[in-house]
Amino acid sequence: MAKILIIDDEQSIRSTLREILEYEKYTIDEAKDGQEGLEKLIADKYDIALCDVKMPKMDGIELLERIQMAGIDTQFIMISAHGTIETAVDATKMGAFDFVPKPPDLNRLLLTVKNALDKSSLVTETKTLKKKLSKKYEMIGEAAPLTEVKEMMDKVGPTDARVLITGPNGSGKELVARGLHERSNRSSAPFIEVNCAAIPAELIESELFGHEKGAFTSAIKQRIGKFEQANEGTLFLDEIGDMSLSAQAKVLRALQEHKITRVGGDKDINVNVRVFAATNKDLRKEIAESRFREDLYHRLSVIVIQVPPLKERKDDIPLLVDKFLDDIAQEYGTKKKSVDKDGIKALQAYDWSGNIRELRNVTERLVIMCEDVIGESDVKKYLI
C-alpha cells in the first residue's frame, strides 16, 4: 500500500488528513514542520508528501527545492490556505504535482492523491526500464583496448562534442554511442538512431528531416524527421559512410546552423541535437574518392573513438560469453548453461571476423544444440 507523509504545523490538519487517508487504507506518517519532513523524506521512502506551504523552520517551497536537489522522487502535493494559493500554484511550476486548498475537500483530495500515485508508479517503472536498458547496452570487458575506449567515453560523454565512432561491423559501435548518451546531460532526452545503410538514398532525406504533406507522391501526411525527434537529445547516424552526397550536404547545414528544412517545405526549423556518427569505412579514403564530404568529416570528428575488433581483446571472451549465457537463459526461461575451460580456449582461438555480434550468435547456437556443460568438441562442431 502507498506510503504518504503529511507535513503541516497544524495538528488539526494533520489529524484530518490522516483520518481521511487511513480510511482509504494508505500508510500515513506525519511531520510537524519542514525540517522534520526533510529528515523523514531522506531517511525513508514515501510515494507522496502532502506539504503545507507556510511552516516554521523550513517552508514548503524550500523543502520542495531541497528534495529535488537530493534527487528524491516523492510526489509533492502542496496544502494551501486561501492566502497562499498563488504560491502553491507557483510550486507546481517548480515540480510539485498539484495543490489542495484548506480546508481539504474529500473528493478533490482523494482524486489528487490517486493521480499522484499513478505518476509515482510511472516514474518508478520508467527508472526500472532505464536500468534494464542500460544493462542491455553495457560494455563488457577489461582488456586494455576497451579500457581506453571507456576512459575516453568518461571524458567526452559529459561534454556536447560531436563524436565519430569507427570500427569493424559487430564490434560494438552502438554501445559506445549509447554509453556516451547515458554519460551526457542529455541522458533524459531522446536517443534516436538512424541506420544510413538500411535506408534507400531517395528516402534518407525524408527520414532525417521529415517531409510535408504532398512533397512527393506517397507523402499523404506530414512526417517529423529524426533530427526533430532527437531535439534536445542525441542523434546517432550509424554507417554514415553509406549516406548520399545530397543528404550529407543537408546534414552539414544542420550541424553548422542548427536548422533543418523538411522535404517539400520552406520553413527553417531550429534543432538542438548532439550528433554521434559511426562507420566501418575509412572515411579519408572515401573523401579521396569523392564519396564523402571532407567538410562534413571535420564537423563530425571533433572526437574520434576507435572501437577495437574482438581479435584484439580475446581476454574478454570469457566475460562476454558468461554475459551472453545469462541473457539467453533469461530470454528462453531456462537454466543457465556453462562453457568449460577447454571450450573457452577453443572460442579464444577463433578469428571472429564478425566480432562480438558473431560471438553472441555462436553462443546462442551452442546453448540450443549442446548439453548443460559446453566443451571443446561442442565448440569445434558448431562454431562454423
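Annotations
- For region 172-214, the set of trypsin sites (Lys or Arg not before Pro) satisfying both a DSSP loop assignment and a count of at most 16 other C-beta atoms within 10 Å is given as K213.
- Checking (1) 144; (2) 210; (3) 123 against the coordinates, the calculated volume of the Cα convex hull per residue in Å³ falls under label (2).
- Residue-wise HN-Hα couplings along region 25-30, as the Karplus relation 6.51 cos²θ - 1.76 cosθ + 1.60 with θ = phi - 60° gives them from phi, are 6, 7, 8, 10, 10, 10 Hz; Gly and Pro carry x.
- Kirkwood hydrodynamic radius over Cα pairs of region 311-382, then Stokes diffusion coefficient at 4 °C and 1.567 mPa s, in µm²/s: 108
- In the chain, the DSSP-assigned H stretches of four residues or longer account for a calculated mean residue ellipticity at 222 nm of -14500 deg cm²/dmol, using -39500 (n - 2.57) per stretch and the full residue count as denominator.
- Rg to Rh, two decimals, where region 272-312 supplies the alpha carbon set and Rh follows Kirkwood: 1.02
- Model label points for S244 and N185, set 7 angstrom from Cα along the Cα-to-Cβ axis, are 3.8 nm apart.
- For region 110-120, 3J(HN,Hα) per residue [Karplus equation, 6.51 cos²θ - 1.76 cosθ + 1.60, θ = phi - 60°, Hz, x = Gly/Pro]: 5, 5, 5, 4, 4, 5, 5, 5, 4, 5, 4
- Cα pair distances in region 137-308, grouped into 10 Å bins until the bin that holds the longest one, percent each: 10, 39, 35, 14, 2, 0
- FRET E, pair I42, S338, Förster distance 45 Å, beta-carbon r, rounded to 0.05: 0.55
- Converting phi to 3J(HN,Hα) with the Karplus coefficients 6.51, -1.76 and 1.60 and the offset θ = phi - 60°, region 302-316 yields 4, 10, 10, 10, 9, 8, x, x, 5, 5, 8, 9, 5, 5, 7 Hz in sequence order, with x at every glycine or proline.
- Region 130-211: translational diffusion in µm²/s, Stokes-Einstein, Kirkwood Rh over Cα pairs, 37 °C, 0.692 mPa s: 227
Each value in this text was obtained by applying a stated rule to the coordinates, not by laboratory testing. This structure is a prediction, so every number in the text was calculated from the model and none was measured. As a convention, Cβ positions derive from the backbone with ideal geometry for all residues, glycine included, and neighbour counts pool all protein chains shown.
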